[in-house]
Amino acid sequence: MLDNVVLGSGVTIPHPALVNLYGCTIEADTKIGTFVEIQKNVFIGARCKVSSHTFICEGVTIEDEVLWDTG
């Protein structure tokens, strides 16, 4: 993980070596799956789940309590 990444309390990333985060904000109690890339200026709200093999491009906002699934 790089500088400028803000993680809220309780954020779960089971396999951090398999996740790329760049200048994003992830709010409390959100779960990030494996093989995920989240680019800069992305905001992910609280209590979300980002499924594995997901790419979230720059500037996206995901509100609270959202399941983001690419399947």
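Side notes on the structure shown:
- Looking only at the stretch 23-48, and only at residues there that are over 10 Å from the mean Cα position of the chain (by Cα) and among the hydrophobic types (A, V, I, L, M, F, W, C), the one that is nearest to Asp64 (Cα to Cα): Ala46
- Criterion violated by Ala17 - all others in (1) hydrophobic (A, V, I, L, M, F, W, C); (2) open to solvent by 50 Å² or more (accessible area, probe 1.4 Å); (3) part of a loop (DSSP other than H, G, I, E, B) satisfied: (3)
- Residue check for Gly23: in a loop (DSSP other than H, G, I, E, B) and at pLDDT below 95: no
- Qualifying residues in the stretch 1-14 (those that are of a type outside the set (S, T, N, Q) and surrounded by 12 or more Cβ atoms within 10 Å (Cβ to Cβ)) - the one nearest to Thr54 (Cα to Cα): Ile13
For (1) open to solvent by 50 Å² or more (accessible area, probe 1.4 Å); (2) not basic (Lys, Arg), each residue gets a yes or a no:
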{"position": "Lys31", "(1), (2)": "yes, no"}
{"position": "Ala46", "(1), (2)": "no, yes"}
{"position": "Glu58", "(1), (2)": "yes, yes"}
{"position": "Glu65", "(1), (2)": "yes, yes"}
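- Screening the stretch 20-29 for residues that are in contact with a Lys or Arg (Cβ under 6 Å, 6 or more places away or on another chain) and within 22 Å of Gly59 (Cβ to Cβ) and picking the one that is most open to solvent (accessible area, probe 1.4 Å) gives Tyr22.
The values are calculated or read from the model by the stated rules, or taken from the named source; none is laboratory data. Keep in mind it's a predicted model, so treat the numbers as computed, not measured. Using ideal geometry, Cβ is built from the backbone for each residue, glycine included, and neighbour counts are taken over all protein chains shown. Ligands, DNA and RNA are stripped out before the accessible areas are found, and what is left, the full protein with its side chains, is counted by its heavy atoms. Shrake-Rupley method; radii C 1.70, N 1.55, O 1.52, S 1.80 Å.
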